[in-house]
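Trainee: Take a look at this one; I'll ask things after.
The values are calculated or read from the model by the stated rules, or taken from the named source; none is laboratory data. Everything quoted here is computed from the prediction, not taken from an experiment. Heads up, the Cβs are rebuilt from the backbone with ideal geometry, glycines too, and the neighbour counts pull from every protein chain shown. Only protein heavy atoms, including side chains, enter the accessible area calculation; ligands, DNA and RNA are left aside. Shrake-Rupley method; radii C 1.70, N 1.55, O 1.52, S 1.80 Å.
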Amino acid sequence: MQSSPTPSLIHVALVEDDVHFQNAIVTAISASPDIRLMSLASTRAQGLQSLEKAPADVLLVDLGLPDGSGIDVIRAAHTLWPTCAVMVCTAFGDEAHVLQSIEAGASGYLLKDSEPENMLHEIRSLHGGGSPISPLIARQILMRFRAAPSPAPAAVPAAAPAQPGGEQAMLSSREKEVLELITKGFTADEIARLMQVSQHTVQTYVRRIYSKLNVNSRAEAIYEARHQGILAS
């Protein structure tokens, strides 16, 4: 009796400098019968070089690479690997990075808060024609379009922009400093080293920021802070 045919492999290229996240993805892929890792790069330069090889089916790209932006790799892949589906896996959840990635050619955008096993599901979804997007990113995109101004009648003068909720959240100078570092993609451990405080202290600042902005995540905090004018857009 003949065995059923082996399902076609999904060939994946990974551009990621975070060693822990990189290892987790590589381990998960190695245990998956239908996904194979074709190439692994840790920098922008290596990522661009990997595009000189045979095209992958799915390209996973981090944005904050040590020698530049992963968006450059996305743009190049869009040209060199036109049939490859690109998914961003990053800590950057701000609007600018999201829109730039989509404009460059990304079809999916995930924050680094998923288990490796879930990432495999998203890879299969992307390869199957889906567009996996973290719920917080999807919400942010929806809020952007919902907040887009409607055309006003010519006879009605434009009103001055109002702050959401009527008031700006009052953050301390240290809380603003932490928020700015979060916006740049630094982890709690990295922020602690930069500010020369304990990681527990950083987490306390983060909880206060979330509480004052009435949010529950980095992406929401960055969006709300920019929306209120606490951070530059």
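Trainee: Can you compute the equivalent ellipsoid semi-axes for the stretch 8-69, i.e. the square root of 5 times each eigenvalue of the Cα gyration tensor, sorted largest first and rounded to whole Å? Intermediate results must be reported in sequence, preceding the final value.
Mentor: Numbers: eigenvalues 77, 42, 10 Å².
So the three semi-axes of the stretch 8-69 are 20, 15, 7 Å.
Trainee: Check which residues have an amide H placed less than 5 Å from Gly64's amide H, if you skip close sequence neighbours.
Mentor: Here the answer is Gly70, Ala91, since their amide H atoms fall under 5 Å of that of Gly64.
Trainee: Under 15 Å from the Cβ of Glu117, count the other residues' Cβ atoms, weight Lys and Arg +1, Asp and Glu -1, and hand me the total.
Mentor: Numbers: positive: Lys112, Arg124; negative: Asp34, Asp113, Glu115, Glu122.
That sum, taken over residues with Cβ under 15 Å, equals -2.
Trainee: Per residue Cα convex hull volume for the stretch 64-104, in cubic angstrom? Mind showing how you got there, number by number?
Mentor: Working: hull volume 2.8 nm³, N = 41.
Once divided by residue count, the hull of the stretch 64-104 is 67 Å³.
Trainee: Something else now. Enter the angle in degrees (range 0 to 90, nearest 10) between the Cα long axis of helix 218-228 and the first principal axis of the Cα atoms of the chain, meaning the one along which they spread out most.
Mentor: Taking Cα atoms only, the helix is inclined about 40 degrees.
Trainee: Also: Rounded to the nearest 20 debye, what is the charge dipole size of the stretch 1-150 about its Cα centre when +1 sits on each Lys and Arg Cβ and -1 on each Asp and Glu Cβ? Could the numbers behind the result be given before it?
Mentor: Details: 9 positive and 16 negative charges, 75 e Å.
With only Lys, Arg, Asp and Glu charged at Cβ, the dipole is about 360 debye.
Trainee: State, to one decimal in nm², a quarter of the convex hull surface area for the C-alpha atoms of the stretch 185-226, i.e. the direction-averaged projected area. Before the final figure, lay out the partial values.
Mentor: On the way: hull surface 11.4 nm².
Averaging across all directions leaves 2.8 nm² for the Cα convex hull.
Trainee: Using Cα atoms only, what is the angle between the long axis of helix 19-30 and the major principal axis of the chain, expressed in degrees (0 to 90) to the nearest 10?
Mentor: 40
Trainee: Further question: With the cut-off at 16 Å, report for the stretch 62-150 the share of all Cα pairs above it, as a whole percent. Each step should come with its number before you reach the end.
Mentor: Numbers: 2139 of 3916 pairs.
When every Cα pair of the stretch 62-150 is considered, 55 percent fall beyond 16 Å.
Trainee: Which log10 I(q)/I(0) values does the chain give at q = 0.08, 0.10, 0.13, 0.16 Å⁻¹ under the Debye formula, counting every alpha carbon as one identical point scatterer?
Mentor: Debye output, listed in q order: -0.36, -0.55, -0.85, -1.13.
Trainee: Are there any trypsin sites (Lys or Arg not before Pro) in the stretch 40-83 that are in a DSSP loop and have at most 12 other Cβ atoms within 10 Å? List them by number.
Mentor: On the way: sites: Arg44, Lys53, Arg75; in loops: Lys53.
Passing sites in the stretch 40-83 are Lys53.
Trainee: Before I look further, what does the chain give for accessible area per residue, probe 1.4 Å, in whole square angstrom? Mind dumping the intermediate values first?
Mentor: Working: 13050 Å² over 233 residues.
Averaged over the residues of the chain, the accessible area is 56 Å².
Trainee: With a cap of 13 neighbouring Cβ atoms within 10 Å, and only residues DSSP puts in a loop, list the GluC sites (Glu not before Pro) found in the stretch 25-122. The partial results should precede the final answer.
Mentor: Working: sites: Glu52, Glu95, Glu103, Glu117, Glu122; in loops: Glu52.
For GluC sites (Glu not before Pro) across the stretch 25-122 that sit outside H, G, I, E and B with at most 13 neighbouring Cβ atoms in 10 Å, the list reads Glu52.
Trainee: So what J values fall out for the stretch 39-54 if you push phi through Karplus, 6.51 cos²θ - 1.76 cosθ + 1.60 with θ = phi - 60°, rounded to Hz, Gly and Pro as x?
Mentor: 8, 9, 10, 10, 9, 4, 4, 5, x, 5, 5, 5, 6, 7, 8, 4
Trainee: Moving on. Can you check what the net charge comes to around Val58, using other residues whose Cβ is under 15 Å from the Cβ of Val58 (Lys, Arg +1; Asp, Glu -1)?
Mentor: Summing Lys and Arg as +1 and Asp and Glu as -1 gives -2.
Trainee: By how many degrees, 0 to 90 and rounded to 10, does the Cα axis of helix 116-127 deviate from the longest principal axis of the chain?
Mentor: Relative to the chain, helix 116-127 is tipped by roughly 80 degrees.
Trainee: In the stretch 1-144, what percent of the accessible surface is made up of carbon and sulfur (1.4 Å probe, ligands and nucleic acids excluded)? All intermediate terms of the calculation are to be shown ahead of the outcome.
Mentor: Numbers: 3820 of 7160 Å².
Solvent-exposed carbon and sulfur of the stretch 1-144 make up 53 percent of the total.
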